[in-house]
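Novice: A single structure is presented below for examination.
Bear in mind these aren't lab numbers, they're just calculated from the coordinates by the rules spelled out. These numbers were taken from a predicted model, which means no experiment stands behind them. Methodologically, a virtual Cβ is constructed for each residue, glycine included, from the backbone with ideal geometry; neighbour enumeration extends over all protein chains shown.
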Amino acid sequence: MLKGIDPRLNAEVLYALRAMGHGDYLILSDTNFPADSIARQTVYGDLLRMDNLTSAQAAEAVLSVLPLDTFVPDFAGRMEIVDAPDEIAPVQAEVQSVIDAAEGEPRKMIGIERFAFYDLAKEAYAVIQTGERRFYGCFMLRKGVIPPDA
């Protein structure tokens, strides 16, 4: 255990989050996502896991240390529901609430079509597979910056 670090963050996840740079993408995926095959194509190259956590729980842990990009509208995204791209699944609403809490204000995630999400995930820095079993529990987070002290 480390003081001040969410215990849901394991060493491999912390290493990858620290190694990411400004603008790099992180994918949080549910259990149905082809996480291993896609993770092999990412910069990190190996699948990271946060088993036994929902997407919202994993997002909360990740966002306790990862700043989101404030310079772009696509700072975070959700996989769109096939044939209902504007519908927000409960799992997506939960992650949106986590993002809003981390940001201190509402910032709406963008929707990303399913196959476009797969393509984006291949260009990500890393993929973290969660224990989320609900459909459409897949998200993209873009790393921001930590400003210097005043």
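Novice: Kirkwood hydrodynamic radius, computed over distinct alpha-carbon pairs, for segment 86-150: how many Å, to one decimal?
Specialist: Numbers: mean 1/r = 0.0729 Å⁻¹.
Roughly 13.7 Å, rounded to one decimal.
Novice: Here's another thing I want to ask about it. Do any trypsin sites (Lys or Arg not before Pro) in segment 83-116 lie in a loop, going by DSSP, with at most 13 other beta-carbon atoms within 10 Å of their beta carbon, and if so which?
Specialist: Working: sites: R107, K108, R114; in loops: R107, K108.
For trypsin sites (Lys or Arg not before Pro) across segment 83-116 that sit outside H, G, I, E and B with at most 13 neighbouring Cβ atoms in 10 Å, the list reads K108.
Novice: Which far-off residues, 5 or more places away or on another chain, put their amide H under 5 Å from the one on C138, with H placed in the peptide plane?
Specialist: Answer set, sorted by chain and number: D30, M79.
Novice: Turning to a different aspect of this structure: Provide the gained length on full extension for the span D100 to E12, in nm with one decimal, where the gain is 0.36 nm per separating residue minus the Cα-Cα distance. Write out the running numbers ahead of the final one.
Specialist: On the way: separation 88, 0.36 × 88 = 31.68 nm, distance 2.59 nm.
Length difference between fully extended and current span is 29.1 nm.
Novice: Helices from the chain with mean Kyte-Doolittle at least 0.0 and a Cα length along the axis of 18 Å or more, per DSSP H: which? Before the final figure, lay out the partial values.
Specialist: Values: long enough: 90-103 (20 Å, 0.19).
Sorted by number, the helices that extend far enough and score high enough are 90-103.
Novice: About the Cα centre of the chain, how large is the charge dipole given +1 on each Lys and Arg Cβ and -1 on each Asp and Glu Cβ? Please answer in debye to the nearest 20.
Specialist: Values: 14 positive and 23 negative charges, 76 e Å.
The dipole of the chain has a size of about 360 debye.
Novice: As an exercise, use a Förster radius of 30 Å and the Cβ-Cβ distance of I81 and K122 to find the FRET efficiency, rounded to the nearest 0.05. Walk me through the numbers before you get to the answer.
Specialist: On the way: r = 21 Å, r/R0 = 0.70.
It comes to 0.90.
Novice: Next question, about the same structure. DSSP loop GluC sites (Glu not before Pro) in segment 1-102 with at most 15 other Cβ atoms within 10 Å of their Cβ, which ones?
Specialist: Details: sites: E12, E60, E80, E87, E94; in loops: E80, E87.
Sites meeting the loop and neighbour criteria: E87.
Novice: For segment 20-142, what's the relative contact order in percent, using C-alpha pairs closer than 8 Å and at least 6 residues apart? Display every interim value, and only then the final one.
Specialist: Values: 241 pairs, mean separation 66.3, N = 123.
Worked out over segment 20-142, it gives 54 percent.
Novice: Tally the DSSP beta bridges in the chain and give the antiparallel ones as a percent, rounded to 5.
Specialist: On the way: 9 of 19 bridges.
If I count the DSSP bridges inside the chain, around 45 percent turn out antiparallel.
Novice: Right, something else. With a Förster radius of 35 Å, plug the Cβ-Cβ distance of E113 and A150 into 1/(1 + (r/R0)^6) and report the FRET value to the nearest 0.05. Walk me through the intermediate numbers first.
Specialist: Values: r = 42 Å, r/R0 = 1.19.
After rounding to 0.05, the efficiency reads 0.25.
Novice: Which of the chymotrypsin sites (Phe, Trp or Tyr not before Pro) across segment 119-150 are loop residues per DSSP, with 16 or fewer other Cβ within 10 Å?
Specialist: F135
Novice: In vacuum, with every alpha carbon of segment 9-137 counted as one equal point scatterer, what does the Debye formula give for log10 I(q)/I(0) at q = 0.14 Å⁻¹? Two decimals, please.
Specialist: -0.55
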